1. Kindly evaluate Pro593 against the criterion of being closer than 22 Å to Met432 by Cβ, not assigned by TED's automatic domain parsing to the domain that holds Pro395 and not in a helix (DSSP H, G or I).
2. Would you call Val111 within 14 Å of ligand 1 (Cβ to nearest atom), among the β-branched types (Val, Ile, Thr), in contact with a helix residue (DSSP H, G or I) (Cβ under 9 Å, 6 or more places away or on another chain) and in contact (Cβ under 8 Å) with a residue 60 or more places away in the chain?
3. Looking only at region 385-421, count every residue that is under 22 Å from the mean Cα position of the chain (by Cα) and either small (Gly, Ala, Ser) or assigned to a loop (DSSP other than H, G, I, E, B) (or both) and tell me the total.
4. From the list Arg157, Arg101, Arg131, Arg94, which residue is buried (at least 18 other Cβ atoms within 10 Å of the Cβ) and more than 13 Å from ligand 1 (Cβ to nearest atom)?
5. Note down all Cβ pairs under 8 Å where the first residue falls in region 18-38 and is near ligand 2 (Cβ under 9 Å from one of its atoms) and open to solvent by 30 Å² or more (accessible area, probe 1.4 Å), the second is at pLDDT 95 or above and in a strand (DSSP E or B), and they're at least six residues apart or on different chains.
6. Which residues, taken from region 511-532, are without any contact (Cβ under 8 Å) to a residue 12 or more places away in the chain and more than 21 Å from Ala626 (Cβ to Cβ)?
7. Would region 144-151 turn up any residue that is crowded, with 20+ Cβ neighbours inside 10 Å, modelled with pLDDT of 95 or more, within 24 Å of Arg41 (Cα to Cα) and under 28 Å from the mean Cα position of the chain (by Cα)?
Amino acid sequence: MFSITHGSLPEPGTAAIIDSRQISLALVGNPNCGKTALFNRLTGARQKVANYAGVTVDRKEGQFHSAKGQTFQIIDLPGAYSLNALTPDEEITRDVLFGARADEAAPDIIVVVVDATNLRRNLRLVLEVIRLQRPTVLALNMMDMAAKRGLVIDIPRLKAELGIPVVETVAIKADGGSELVAQLEAMAAKPLENFPTLKRPEANNADRGSVTQKEIVRILDVTIKQEAKENLFGDKLDAIVLHPVLGYVILMALLFLVFQAVFSWSKLPMDLIKDGVTAIGSAVQSLMPEGILRSLIVDGILSGVGSVIVFLPQILILFLFILVLEESGYLPRAAFLLDRMMGSVGLSGRAFIPLLSSFACAIPGIMATRTIQSPRDRLATIMIAPLMTCSARLPVYALVIGAFIPDVSVGILNLQGLVLFGLYFAGIAAAMGVAYVIKRTIGKNQYQPLMLELPNYHWPTLRGLAIGLLERARIFITRVGTIILALMILLWFLSTFPAAPEGATEPAILYSYAGQIGQLLQVLVAPIGFNWQIAIALIPGLAAREVAVGALGTVYALSATGDDLSVALTPMIAATWSLPTAFSLLAWYVFAPQCISTLAVVKRETNSWKPAAAMLIYMFALAYLASFLTYRISSLFIGGS
Ligand SMILES: Nc1nc2c(ncn2[C@@H]2O[C@H](COP(=O)(O)OP(=O)(O)OP(=O)(O)O)[C@@H](O)[C@H]2O)c(=O)[nH]1
Ligand SMILES: [Mg+2]
């Protein structure tokens, strides 16, 4: 027997039963109709919203209270085209809706969300949900866009046709969810009957498909009072953006712009942060007596954490571009442009968005592969996702480029930006190469033409961008303040103890635990041109890539003689590394699997250690080979150390 939980029962003698009853809601709808935006609007959460299909790939839970004091538990779900799930993310939606998950009952009320400007496509799922005969309310979202395009819907008629309440919402407006909340309150006030056990819809019933199609046409016929005007602006823009020649030119120009901006816009804020950290360091140095505690603060914390935090501006600039591209609706268009190319190395066009997400971090990228239907294509995409340059590599690249590549112009382009672009490109090229090898060894995919919705173009809102950037800044600073700080302190400890023996002539760090480990490892890394300082830095870098930068900061601060403060890591490495060493380190970072959490996610998403182990091995092998070749070849030309 199927039962509905209403939260915990009130203690005897407590007030109104209605108020203490918790109602659970689930947001269901086609991809990109604004479910997460609505979820954020109602709960005040900051889940990721973006203008393409497949942003949410997991269930997300939140809570809100209505003005009357009713508490609602609300679940945001991945978008689905049908309850007849074809992809892993659609399976999540289906299972939550049917209460098929072990730890939770089916939701009390289903909020089925549609993009009002796209009813023709969205109504199919609505009809499927209505057939479940559960308390359901339809949210006509994006009513602002509908109004702008002159679309008029006969809402009372739609209610009558569907037999469920229908409300208008504008998820991106401050009070855009109020009609929905009022409706939910009204439903919550009445007892929600027990519903019979649910049956899953049979798979692929073609007959029923055509009946549904007829039904949709009929409903649209009687409820659309005025059709939306054609989207002339969007069509014109698409003619340019998807143009077989111009399209690629625009895509390349956009990418160039991003990498140029990362270097040229970030100078001032980076200098400010650097000066700030240096000032604090000098203050501590002059106020505190020399000793262990001062060394911990100055060499461990300030040099380590300080040398990572200066990269915040560059990371934010990168994300500003990513956010604008995500919100505008450009990304699925880029996926179309690159579909053929990706097909030629055995990837599905659907892999584009997961791979692009991996530029932020491979972990959400790997999770986004849940939108890929074929398990073979999904695995291939997972295997190459970590080759995309994640934002944690940016500080390492930026540090080495800042130290070794002169800040000069090449035509209208900045050389540093150009090299950065080259490194990102190397990652992409390597990924395509590995995909090709997978295609030749594991087997081909069946090429399926890309079926991806092209969403309407949206102007990114300032508020949305600001929230997105703040969120990014918060994530980065939290990382610096927790895992990076902890690793820095640990590294400082290992690099300081045991102290140098009496009368030692070498820097004290060489006698420490870290120094000893570094010298042991040097045998391994000498052929690729790394010194023992780099070898030490690579180890904590396994937990978080950018820690390598902080670790170099600490290691060099402790190796330094005299009082020079070492947030000035850049001149330090410029003076002590040879150019081939620098190139070799860059090559290492393009390929090396320097992130344990990524491997853990691969294991979780594939339910097996094998792909994670294969990934670890192939990436290490590639990294060593690439660094070796880079070091040897560049030493031949430039002359090594
Ligand atoms: N103009 C307008 N834009 C909206 C509205 N609701 C959402 N959006 C935008 O629509 C896009 C998609 O929103 P999301 O909330 O990510 O959509 P979703 O349904 O969660 O998508 P998936 O997670 O991929 O299933 C984003 O660009 C939002 O800013 C609305 O009411 N009006
Ligand atoms: Mg979503």
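The values are calculated or read from the model by the stated rules, or taken from the named source; none is laboratory data. Predicted model only: the values in this text are computed from it and were never measured. Cβ atoms come from the backbone with ideal geometry, glycine included; neighbour counts cover every protein chain shown. Quick note on the areas: whole protein, heavy atoms, side chains included, nothing else; ligands and nucleic acids left out. Shrake-Rupley method; radii C 1.70, N 1.55, O 1.52, S 1.80 Å.
1. yes
2. yes
3. Of the residues in region 385-421, 8 are under 22 Å from the mean Cα position of the chain (by Cα) and either small (Gly, Ala, Ser) or assigned to a loop (DSSP other than H, G, I, E, B) (or both).
4. Only one candidate passes the filter, namely Arg94.
5. From residues that are near ligand 2 (Cβ under 9 Å from one of its atoms) and open to solvent by 30 Å² or more (accessible area, probe 1.4 Å), the pairs are Asn32/Asp115.
6. Gln516, Leu520
7. Looking for residues that are crowded, with 20+ Cβ neighbours inside 10 Å, modelled with pLDDT of 95 or more, within 24 Å of Arg41 (Cα to Cα) and under 28 Å from the mean Cα position of the chain (by Cα), one finds none in region 144-151, hence no.
Results for (1) at pLDDT below 85; (2) within 16 Å of ligand 1 (Cβ to nearest atom); (3) not in a helix (DSSP H, G or I), shown as yes or no for each residue.
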{"residue": "Thr5", "(1), (2), (3)": "yes, no, yes"}
{"residue": "Ser8", "(1), (2), (3)": "yes, no, yes"}
{"residue": "Glu11", "(1), (2), (3)": "yes, no, yes"}
{"residue": "Leu27", "(1), (2), (3)": "no, yes, yes"}
{"residue": "Ala37", "(1), (2), (3)": "no, yes, no"}
{"residue": "Gln47", "(1), (2), (3)": "no, yes, yes"}
